[in-house]
Amino acid sequence: MIGGPEVAGLDVAAGLPGTRRLRFAPSPTGQLHVGNVRTALFSYCLATPEGRFILRIEDTDRERYNPESVSEYMEALTWLGLTWDEGPEVGGPCAPYVESERLPLYREAANRLVATGAAYPCFCTRDRLEELRAAQRASGLPTRYDRHCLHLTKAEREAQRAAGRPEVVRLRMPPGESSWNDLVLGLQTFDNAEMDDQVLMKSDGYPTYHLAHVVDDHLMGITHVVRAVEWLPSTPKHLVLYDALGWRPPGFAHVPLVLGPDRQKLSKRHGAEAVREYRQMGYLPEALVNFLAFLGWSPGTEEEVFDLSELRQRMSFERLQSSPAVFDQQRLDYLNGVWIRRLSAAALAARLAEFLPGVSPEQLEPIARMVQERIRRLDEVPQLVRFAFSDTDPDADRLRGQLGTAEAADFLSGVIPLVAGDVAELMPTLRLRVAEFTNGQPESARARVRQLMRVVRIALTDQEVSPPLDAVVDLLGSDRAGKRLRRALERLQAGG
Ligand code: GLU
C-alpha cells in the first residue's frame, strides 16, 4: 500500500500533529534559488512553534527532474535552519513525501474525477493540439483546448485505447466563477470560462503539479499554502479540484514576486541565484534568513534584526505584504556584517573554517578576532590573511617605497624589539617610535607616518593593505613577525 499506516486511500489521516500544517514543495529541477527558499522560510515561520513544517518533493515532471537537486535542496534548507518536521529522511504520518512514490494516489483521484464527470480522458495528439493552437492564434483567440474528446462515447474511448493512443486526463472546468479570500491579496475572483481544461494526468502515468499537489495537500492535512504569486491564475483550477473531490481547500497566501534592483523579476542576470552560491560568497545563514524574511513581510516596527526563532514567533499572515519585494544585496551585506559581529570569536572561527581550508583551528580564532569588525562577507577573509600562509620576501625597493634606504632600515631596526613584547603594547610603542622619526617635520608628517608604517606593513605582509599591524603580529606570532622584520632589514641593508 502507498502511504503510511494512517493514510488509507484518499482519506486524511485523523489527528495529524500540529495546529497548523504548512509545507514547502519544491520541484527538484536545478538549484534552490533564493526567491524560492523565501516561500520555504515563510511556510516554516507561519507554521508557528506549535505547528508542523513539511517538506514534500514534487518530482512528477520527469523531463525536468534532476536527481541531484533533492539532496542539494535538503542541504540548503538545513544550512538555513529550516528543518522539517515531516518529509524525506525524517518520515512522518503521511509518508512517503516524494510524489513519484505516491502515484497510485493520483491515479485513484483521477479515476474518481473521471467517474463523476469532473474530468475526462483525452487522446488528442500533440500535432492536433499544435494545429489547434496555431489556428486559434491566427484568429486572435485565446489558445485553449476545444474539448474535442469531452464527448467521446465509451465505445470511442475504448477504440482509442485499443489503437494504443496515448491518453491524458483533463479537468472539465465547470462554468461559473471561482473566488477565495487570499491571505495576502484579499478577495480574488476568476471567471472559469477563461480557464483551459487543465491536463491532470499525463500520458506517462505521472500527474501534473495541479492534481498532485491538491491530492497531497489534502492528504497531508495542509492548512495553509504559501506560494509564489505566479500560481495565482491556477488557483481556480485547484479550487474546482477540491470541490470535485469533496475536499475543503486550505488557505492560500500568494506572496509577491522578488525583483532585482531594476524592478524586473529576479533572475540569473541579476547575479547569484542559488542558496549555495550565497553560502560560497560568505553570507551567514542567519543573515540570509533575516534578509529574506523582509522580502514580503514586515514586523510593522523599526526592528530589523531577527533570528529564525523570533521570526517564527512574530510572523503572521496579517503582516505579509502584497507589493513586490526588491532584492537589495547591499542590505544583505549590511545584515551579514551585523550577524558576523554578533557571533563570538570562537563561533566566527568555526564559520571561517570552510573558507580557509588547511588552516588549523588554533589559527582560526585569532583570524576571527582580526577580521570580525572589518568584514561584511566571509569570503573576504582569505585575501586578508593570505600573508600569514605564504612566505613574504619583498625586495629593498619595494620595502623602502619613498623613504631613503638608511632611514627605512633605521626605522625598522627599532621596530624589531617591539614585536617581541606584549602585542597589546605594540601600537602605542610603535606610535612613539614614529613620533621620534617625524619630529620637526610637521609639513610632511602625515605622509611620513604613512610611509613609515608602510615599511613595517610590507615587511610583515608584503601587502599594501592589511589588517591593523597588532592583529597581523597576533596572527603571525612574535617569532615569525620578528623573523620577517629581520629578513626585511637584511634586504634593505644588502640592497642599499
Ligand atoms: N512545486 C511547485 C513549485 O516548485 C510548488 C508550488 C506550490 O507551492 O504549490 O513551484
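The values are calculated or read from the model by the stated rules, or taken from the named source; none is laboratory data. Values in this document were obtained by computation on a predicted structure and should not be read as measured data. For neighbour counting, all protein chains shown are included, and Cβ atoms are generated from backbone atoms with ideal geometry for every residue, glycine included. Areas reflect the complete protein model, heavy atoms only, side chains present, ligands, DNA and RNA absent. Shrake-Rupley method; radii C 1.70, N 1.55, O 1.52, S 1.80 Å.
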Can you name the number of the only condition in (1) within 29 Å of Asp127 (Cβ to Cβ); (2) in a strand (DSSP E or B) that Asn181 fails?
(1)
Just the residues that are within 28 Å of the chain's Cα centre (by Cα) and either aromatic (Phe, Trp, Tyr) or under 24 Å from Met201 (Cα atoms) (or both), please, taken from region 89-112.
Cys94, Ala95, Pro96, Tyr97, Val98, Glu99, Ser100, Glu101, Arg102
Return yes when Ala119 is away from the ligand (no atom under 16 Å from the Cβ), over 30 Å from Pro96 (Cβ atoms) and either touching a helix residue (DSSP H, G or I) at 6+ places or on another chain (Cβ under 9 Å) or open to solvent by 50 Å² or more (accessible area, probe 1.4 Å) (or both) and no when it is not.
no
Any residue that is closer than 30 Å to Pro93 by Cβ and within 14 Å of the ligand (Cβ to nearest atom) - is there at least one of those in region 257-276?
no
Quick test of your reading of the structure: Leu129 fulfils all but one of (1) in contact with a helix residue (DSSP H, G or I) (Cβ under 9 Å, 6 or more places away or on another chain); (2) open to solvent by less than 50 Å² (accessible area, probe 1.4 Å). Name the failing condition by number.
(1)
Residue among Ala193, Ala212 that is outside any loop (DSSP other than H, G, I, E, B) and more than 16 Å from the ligand (Cβ to nearest atom)
Ala193
List every residue pair whose Cβ atoms lie under 8 Å apart, where the two residues are 6 or more positions apart in sequence or sit on different chains, the first residue falls within region 177-193 and is closer than 18 Å to Pro142 by Cβ, and the second residue, located anywhere, is in a strand (DSSP E or B) and among the β-branched types (Val, Ile, Thr).
Glu177/Thr189; Ser178/Thr189
If I filter region 239-250 down to residues being of a type outside the set (A, V, I, L, M) and away from the ligand (no atom under 13 Å from the Cβ), which single residue comes out as farthest from Val37 (Cα to Cα)?
Gly246
If you scan region 310-369, which residues turn out to be hydroxyl-bearing (Ser, Thr, Tyr) and open to solvent by 50 Å² or more (accessible area, probe 1.4 Å)?
Ser322, Ser323, Tyr334, Ser344
Can you name every one of the helices (runs of 4 or more DSSP H) wholly within region 66-171 that holds 2 or more residues which are closer than 20 Å to Ala244 by Cα?
103-115
Members of region 136-145 found to be open to solvent by less than 70 Å² (accessible area, probe 1.4 Å) and in contact with a helix residue (DSSP H, G or I) (Cβ under 8 Å, 6 or more places away or on another chain), listed by number
Thr143, Arg144, Tyr145
Give the residue, chosen from Val419, Val434, Val456, that is touching a residue at least 60 places away in the same chain (Cβ under 8 Å), β-branched (Val, Ile, Thr), assigned to a helix (DSSP H, G or I) and surrounded by 12 or more Cβ atoms within 10 Å (Cβ to Cβ).
Val419
Determine whether Gly30 is within 13 Å of the ligand (Cβ to nearest atom), open to solvent by 10 Å² or more (accessible area, probe 1.4 Å) and part of a loop (DSSP other than H, G, I, E, B).
yes
Using the structure shown, decide if Glu89 is at pLDDT 95 or above and within 22 Å of Glu230 (Cα to Cα).
no
Which condition from (1) open to solvent by less than 20 Å² (accessible area, probe 1.4 Å); (2) within 16 Å of the ligand (Cβ to nearest atom); (3) in contact with a helix residue (DSSP H, G or I) (Cβ under 6 Å, 6 or more places away or on another chain); (4) under 30 Å from Ser316 (Cβ atoms) is the one that Ser178 breaks?
(2)
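For every residue, the table says whether it meets (1) open to solvent by less than 20 Å² (accessible area, probe 1.4 Å); (2) within 14 Å of the ligand (Cβ to nearest atom); (3) hydroxyl-bearing (Ser, Thr, Tyr).
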| position | (1), (2), (3) |
| --- | --- |
| Ser203 | no, no, yes |
| Tyr206 | no, yes, yes |
| Ile222 | yes, yes, no |
| Val229 | no, yes, no |
| Ser234 | yes, yes, yes |
| Lys237 | no, yes, no |
Quick one: how many residues across region 342-378 are outside any loop (DSSP other than H, G, I, E, B) and either within 15 Å of Leu288 (Cα to Cα) or among the hydrophobic types (A, V, I, L, M, F, W, C) (or both)?
17
Considering region 408-442 alone, what residues qualify as being of a type in the set (Asp, Glu) and under 18 Å from Leu460 (Cα atoms)?
Asp410, Asp422, Glu425
Please list, ordered by residue number, the helices (runs of 4 or more DSSP H) wholly in region 221-323 having 2 or more residues that are within 30 Å of Leu200 (Cα to Cα) and touching a residue at least 60 places away in the same chain (Cβ under 8 Å).
235-245
I'm told Gln451 meets every condition in (1) part of a helix (DSSP H, G or I); (2) open to solvent by less than 50 Å² (accessible area, probe 1.4 Å); (3) free of Cβ contacts under 8 Å to residues at least 40 places away in the same chain except one. Can you identify the failing condition by its number?
(3)
Of all the residues that make up region 49-65, how many are of a type outside the set (S, T, N, Q) and assigned to a loop (DSSP other than H, G, I, E, B)?
11
